[in-house]
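*Asks:* Below: one structure in structure tokens.
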Amino acid sequence: NQVRQQQKMESVGQLAGGVAHDFNNVLTAIIGFSDLLLANHRPSDPSFQDIMNIKQNANRAAGLVRQLLAFSRRQTLRPQVLALGDVLSDLSILLTRLLGEKVKLQMVHGRDLWPIKADLNQFEQVIINLAVNGRDAMPGGGTMTVRTRNLTAAEVAAFNYHPLPPADYVLIEVEDNGTGIPADVQARIFEPFFSTKEVGKGTGLGLSTVYGIVKQTGAHIFFDSEMGKGTTFRIFVPRYVPAEGEKPVGGSSEANVEIADLTGSATILLVEDEEAVRAFAARALLSRGYKVHEASSGVEALEVMQEAGGKVDLVVSDVVMPELDGPSLLRELRKTRPELKIIFVSGYAEDAFKKNLPEGEKFNFLPKPFSLKQLAVAVKETLGR
């Protein structure tokens, strides 16, 4: 049953990832053309607010797509070294507000917790989703307990969970004393769009998002539940051991520096098989002063490059394309232009295609959907290097 459930989750994940990838192309076009319209309308124009509403709703849809990508483990994660105690302490104010007056929050921190490596925002999302789920299981109120402690490889055997390889983990427990999860529902709680809540309440993506983020982080999640007594979710996050000479802190503040001038005069080759995305990106770059060559496939990109006599400063390319995908195109271009700068754009995570590239390959990555400004900043940054 466990194997069958695992296979089912994998196939649903692949479907969710495929849908999310295609939908990201559509959203990139909607957000992009909204930006182009906003650039030509003053805030006092009657249409300005309507266009803003289109863009805001497209961004809301992008949030849902991110949840689907999280479930299918194909979203872009930005892992950094985290001190879990500090993360949960910072999160406790928000959790108290989310849980409401009826539910009491208890934080029990283990001593000298080992560091972990995870995406801060996504990891916070995991704790928030589990806490909100626990709150909903306690309609009459109760206590939500979040516990942390170090767990050595020898102690792992005490937990009868499979598969849970013996290793050093930091254990996070999120426990409620609510109604519990019925036995017939337990096998399905991590499935996307499965919900026991009434219609109109919840998307059914909360726990599936948790499952995806945990798995993509290289961690494990299990739960124990008893009707009328409550549920405990346990997340086993591998202990992070820094490599020799590695700096102990994660995350760079340089990325937050605002770039004032987003114009340029470089020549850019834009490779994108989705016509609407290509049209928006080309107009966005032309409006910033760049010279733009367009190609609808990797094969066409090689032809355009030849016609341009190699006089291209930067390639902005989609990753998933028919005939010749992004990584294969880069390999071909490198034969004649080893120093060529490239930005890959994709609705999937960076990790999904990184393994197809030669080791040590340098490139920038721009996740879809992106706005006009995000595209301009990525181009300016890459050319600046």
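The values are calculated or read from the model by the stated rules, or taken from the named source; none is laboratory data. Model, not experiment: these values are computed from the prediction. Cβ placement follows ideal geometry from the backbone for every residue including glycine, while neighbour counts extend to all protein chains displayed. The area values use the complete protein model at the heavy-atom level, side chains included, leaving out ligands, DNA and RNA. Shrake-Rupley method; radii C 1.70, N 1.55, O 1.52, S 1.80 Å.
*Asks:* Criterion first (at positive phi and surrounded by fewer than 19 Cβ atoms within 10 Å (Cβ to Cβ)) does Glu323 satisfy it? Reasoning before the result, please.
*Replies:* Working: at positive phi: yes; surrounded by fewer than 19 Cβ atoms within 10 Å (Cβ to Cβ): yes.
Criteria met by Glu323.
*Asks:* Mind checking which residues of segment 325-350 are closer than 30 Å to Thr217 by Cα and not in a strand (DSSP E or B)?
*Replies:* Within segment 325-350, Asp325, Gly326, Pro327, Ser328, Leu329, Leu330, Arg331, Gly347, Tyr348, Ala349, Glu350 qualify.
*Asks:* Restricting attention to segment 1-44, report how many residues are out of contact with any helix residue (DSSP H, G or I) (no Cβ under 9 Å at 6 or more places or on another chain) and modelled with pLDDT of 75 or more. Step through it out loud before you land on a result.
*Replies:* Step one: of segment 1-44, the residues out of contact with any helix residue (DSSP H, G or I) (no Cβ under 9 Å at 6 or more places or on another chain) are 1-8, 10-11, 14-15, 18, 22, 40, 44.
Now drop any that are not modelled with pLDDT of 75 or more, which leaves 22, 40, 44.
The number of residues fulfilling the criteria is 3.
*Asks:* While we're on this one: What pairs can you find where one residue is in segment 78-102 and closer than 13 Å to Pro115 by Cα, the other is open to solvent by 60 Å² or more (accessible area, probe 1.4 Å), and their Cβ atoms are less than 6 Å apart, with a gap of 6+ or different chains?
*Replies:* Within 6 Å, the pairs are Pro79/Lys117; Gln80/Gly251; Val81/Lys117; Gly85/His109.
*Asks:* Can I ask one more? Checking Gln374 against (1) in contact with a strand residue (DSSP E or B) (Cβ under 9 Å, 6 or more places away or on another chain); (2) more than 25 Å from Gly63 (Cβ to Cβ); (3) open to solvent by 40 Å² or more (accessible area, probe 1.4 Å); (4) at pLDDT 85 or above, which single condition isn't satisfied?
*Replies:* (2)
*Asks:* Among the numbered criteria (1) at pLDDT 90 or above; (2) hydrophobic (A, V, I, L, M, F, W, C); (3) more than 22 Å from Ile31 (Cβ to Cβ), which one does Ala260 miss?
*Replies:* Status for Ala260: all satisfied but (1).
*Asks:* Now, a different point. If a residue has to be of a type in the set (A, V, I, L, M), at pLDDT below 85 and open to solvent by 20 Å² or more (accessible area, probe 1.4 Å) to count, how many in segment 67-82 make the cut?
*Replies:* Looking only at segment 67-82, we keep the residues that are of a type in the set (A, V, I, L, M), and these are 68-70, 77, 81-82.
Those still in the list that are at pLDDT below 85 too: 68-70, 77.
This time we only want the ones that are open to solvent by 20 Å² or more (accessible area, probe 1.4 Å), so: 68, 77.
So the count comes out to 2.
*Asks:* Output yes when any residue across segment 287-297 is surrounded by 13 or more Cβ atoms within 10 Å (Cβ to Cβ) and either under 20 Å from the mean Cα position of the chain (by Cα) or in a helix (DSSP H, G or I) (or both), and no when none is. Steps first, answer last, please.
*Replies:* The initial filter retains those residues of segment 287-297 that are surrounded by 13 or more Cβ atoms within 10 Å (Cβ to Cβ), namely 287-288, 290-297.
In the following step, the residues that additionally are either under 20 Å from the mean Cα position of the chain (by Cα) or in a helix (DSSP H, G or I) (or both) were identified as 287.
Among the residues of segment 287-297, at least one is surrounded by 13 or more Cβ atoms within 10 Å (Cβ to Cβ) and either under 20 Å from the mean Cα position of the chain (by Cα) or in a helix (DSSP H, G or I) (or both), which makes the answer yes.
*Asks:* Additional query: Please go through segment 154-186 and pick out each residue that is closer than 20 Å to Asp136 by Cβ, part of a strand (DSSP E or B) and either open to solvent by less than 40 Å² (accessible area, probe 1.4 Å) or of a type in the set (Phe, Trp, Tyr) (or both). Spell out how you get there, then give the answer.
*Replies:* Of all residues in segment 154-186, those closer than 20 Å to Asp136 by Cβ come to 172-186.
Imposing the further condition that a residue be part of a strand (DSSP E or B) reduces the set to 172-176.
Matches in segment 154-186: Ile172, Glu173, Val174, Asp176.
*Asks:* Can you tell me which of (1) over 22 Å from the mean Cα position of the chain (by Cα); (2) at pLDDT 90 or above; (3) surrounded by 15 or more Cβ atoms within 10 Å (Cβ to Cβ) is the one Gly85 doesn't meet?
*Replies:* Condition not satisfied by Gly85: (2).
*Asks:* For segment 110-125, give me each residue that is closer than 11 Å to Val87 by Cβ and either open to solvent by 10 Å² or more (accessible area, probe 1.4 Å) or in a helix (DSSP H, G or I) (or both). Before you say what the answer is, go through the steps one by one.
*Replies:* Taking segment 110-125 first, the residues closer than 11 Å to Val87 by Cβ are 113, 115-116, 118, 120-121, 123-124.
Within segment 110-125, Leu113, Pro115, Leu120, Asn121, Phe123, Glu124 qualify.
*Asks:* Shifting gears a bit: Looking at Ile172, Ile189, which is the one that is β-branched (Val, Ile, Thr) and at pLDDT below 90?
*Replies:* Values: Ile172 fails: at pLDDT below 90.
Checking each option against the conditions leaves just Ile189.
*Asks:* Another question, if that's okay. Kindly indicate whether Val304 is in a loop (DSSP other than H, G, I, E, B), at pLDDT 90 or above and not hydroxyl-bearing (Ser, Thr, Tyr). First the steps, then the outcome.
*Replies:* Values: in a loop (DSSP other than H, G, I, E, B): no; at pLDDT 90 or above: yes; not hydroxyl-bearing (Ser, Thr, Tyr): yes.
It is false that Val304 is in a loop (DSSP other than H, G, I, E, B), at pLDDT 90 or above and not hydroxyl-bearing (Ser, Thr, Tyr).
*Asks:* Looking at (1) over 30 Å from Ile54 (Cα atoms); (2) modelled with pLDDT of 85 or more; (3) out of contact with any strand residue (DSSP E or B) (no Cβ under 7 Å at 6 or more places or on another chain); (4) open to solvent by less than 50 Å² (accessible area, probe 1.4 Å), which one does Ile342 not meet, given that it meets all the others?
*Replies:* (3)
*Asks:* For segment 129-142, give me each residue that is open to solvent by 40 Å² or more (accessible area, probe 1.4 Å) and farther than 20 Å from Ser208 by Cβ.
*Replies:* Across segment 129-142, the qualifying residues are Pro139, Gly140.
*Asks:* Hey, another quick one. Which residue is surrounded by the fewest Cβ atoms within 10 Å (Cβ to Cβ), if the candidates are limited to segment 88-97 and must be closer than 22 Å to Thr217 by Cβ and of a type outside the set (S, T, N, Q)? Working first, answer last.
*Replies:* Filtering segment 88-97 down to residues closer than 22 Å to Thr217 by Cβ leaves 88-92, 94-95.
Adding the requirement that they be of a type outside the set (S, T, N, Q) leaves 88, 90-91, 94-95.
Values: Leu88: 21, Asp90: 11, Leu91: 18, Leu94: 13, Leu95: 20.
Within segment 88-97, the match that is surrounded by the fewest Cβ atoms within 10 Å (Cβ to Cβ) is Asp90.
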